[in-house]
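As structure tokens, the structure follows; a few thoughts come after it.
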Amino acid sequence: MKKLKINDIVYINSGKDKGKTGKVLSVKSDKILVESINKMKKHIKPSKINPQGGIVDKELAIDISNVVVVCPSCNRPTRVGFKKTGENVSRICKRCKEVITYETARQSK
Ligand SMILES: [Zn+2]
């Protein structure tokens, strides 16, 4: 059961983007990609898809410990708790106790 999931809104609490929020694009063990966070300019060689080449902004993964989930109910950065209901486990906001995501046992595998 992961604390962070794709499409979560997270608050950045460390690094050059401290204080910003963004949407989680991908989660890989202890690193995540967050939309518009930790962008780096990347030089692209000309290719068939992009004949001009050039420079694009690309997000780099950041450490999972540098972010906290923003609760969709109280709209504040929060710690995530887990609540078990039978077979199902929900992620809950530790501030307002509202469910952040509800999942079935099958999804959480
Ligand atoms: Zn909340």
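Readers should treat all values here as calculations from the given coordinates under stated rules, not as data from a laboratory. Keep in mind it's a predicted model, so treat the numbers as computed, not measured. Ideal geometry is used to build each Cβ from the backbone, glycine not excepted, and the neighbour counts take in all protein chains shown.
Are there GluC sites (Glu not before Pro) in the range 1-108 that DSSP puts in a loop and that have at most 11 other Cβ atoms within 10 Å, and which ones?
On the way: sites: Glu35, Glu59, Glu87, Glu98, Glu103; in loops: Glu35, Glu87, Glu98.
Passing both the DSSP loop test and the Cβ count: Glu87.
As a proxy for reagent exposure, Cys93, Cys71 were ordered by neighbouring Cβ count within 10 angstrom, fewest first; the result is Cys93, Cys71. Under a Gaussian network description of the chain, with springs only between Cα atoms under 10 Å, the residue in Lys23, Lys45, Lys84 that fluctuates furthest is Lys45. Note on Lys16: aspartates and glutamates with a C-alpha under 14 Å away, same-chain residues under 8 apart excluded, are Glu59, Asp63. When only the Cβ of Lys, Arg, Asp and Glu is charged (+1, +1, -1, -1), the dipole of the chain relative to its Cα centre reaches about 120 debye.
With only alpha-carbon pairs counted, each pair once and no self-pairs, how large is the Kirkwood hydrodynamic radius of the chain in angstroms? Before the final figure, lay out each step's value.
Details: mean 1/r = 0.0649 Å⁻¹.
Kirkwood radius, the chain: 15.4 Å.
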